[in-house]
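All remarks here apply to the structure that follows.
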Amino acid sequence: MPLSVLLNLGGAAAEFLSATLYAFFRALVIPLRGRPLKGGWSSQAGQFVISVRTGPSYTTGYDNERTLMAFTDRRVLLVHDGARGAESLGEFGREQLHQAEIRHWTFSNRVDLYFADGSLAAVEVTTPQAEALQALSRGELPAPWPGA
């Protein structure tokens, strides 16, 4: 029994330390890099985030991280690619994506997506995908990268 109490106290202390470190780093990152969503949930960026984070119909959480962006000359499709197959999460017109700014640094592969209504959503993507998003925001159809 004393060992159980000791382990519980150790677990609680570790959880507290983890939450404190997360809050500390978040407090540093937001002033330096900005918020990951600007414009509110009813903005174009907010609707984009809702579509992506909601995920496929068979999930109940809002932590989807497996979304593909497929684009044509007129629209961008958001597709979940999971174990149960692909499912459409939504779409928006290419003219809604105003600018994509690559903000990669040591700890993050962030790209800020600016929408036509002035809203912003930050996404984590690799460099080739970030370059494709930049080309898309300039009205170009980017060439596929190796392996696509």
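Answer yes or no: is there a residue in the range 56-67 that is within 13 Å of the chain's Cα centre (by Cα) and of a type in the set (Val, Ile, Thr). Yes - at least one qualifying residue is present in the range 56-67. Screening Asp117 with (1) open to solvent by 50 Å² or more (accessible area, probe 1.4 Å); (2) of a type outside the set (Gly, Ala, Ser); (3) modelled with pLDDT of 80 or more; (4) under 16 Å from the mean Cα position of the chain (by Cα) gives one miss only, at (4). Just so you know, in the range 97-109 the residues that are open to solvent by 20 Å² or more (accessible area, probe 1.4 Å) and more than 11 Å from Gln134 (Cβ to Cβ) include one that is modelled with the highest pLDDT, and it is His98.
Against the test of being under 15 Å from Asp112 (Cα atoms), open to solvent by less than 50 Å² (accessible area, probe 1.4 Å) and at pLDDT 75 or above, the options Gly46, Gly10, Gly34 yield a single qualifying residue, Gly46. A search for C-beta distances below 6 Å between a residue of the range 119-131 that is in contact (Cβ under 8 Å) with a residue 24 or more places away in the chain and any residue that is part of a helix (DSSP H, G or I), counting only pairs 6+ apart in sequence or on different chains, returns Ser119/Gln44; Ser119/Ala45; Leu120/Ala45; Ala121/Ala45; Ala121/Phe48; Ala121/Val49.
Ser4 fulfils the conditions (1) at pLDDT 75 or above; (2) surrounded by 10 or more Cβ atoms within 10 Å (Cβ to Cβ); (3) not hydrophobic (A, V, I, L, M, F, W, C) except for a single criterion, (2).
State whether the residues of the range 115-123 include one that is of a type in the set (Gly, Ala, Ser), farther than 21 Å from Gly34 by Cα and assigned to a strand (DSSP E or B). Looking for residues that are of a type in the set (Gly, Ala, Ser), farther than 21 Å from Gly34 by Cα and assigned to a strand (DSSP E or B), one finds none in the range 115-123, hence no.
Return only the number of the condition from (1) among the acidic types (Asp, Glu); (2) under 17 Å from the mean Cα position of the chain (by Cα); (3) modelled with pLDDT of 85 or more; (4) surrounded by fewer than 16 Cβ atoms within 10 Å (Cβ to Cβ) that Glu131 does not satisfy. Status for Glu131: all satisfied but (4). In the set (1) of a type in the set (A, V, I, L, M); (2) open to solvent by less than 60 Å² (accessible area, probe 1.4 Å); (3) within 15 Å of the chain's Cα centre (by Cα), the condition left unmet by Val76 is number (3).
The values are calculated or read from the model by the stated rules, or taken from the named source; none is laboratory data. Source: prediction; values computed, not measured. Every residue, glycine as well, gets a Cβ built from its backbone with ideal geometry; the counts of neighbours run over all protein chains shown. Please note that ligands, DNA and RNA were not included when accessible areas were found on the heavy atoms of the full protein model with its side chains. Shrake-Rupley method; radii C 1.70, N 1.55, O 1.52, S 1.80 Å.
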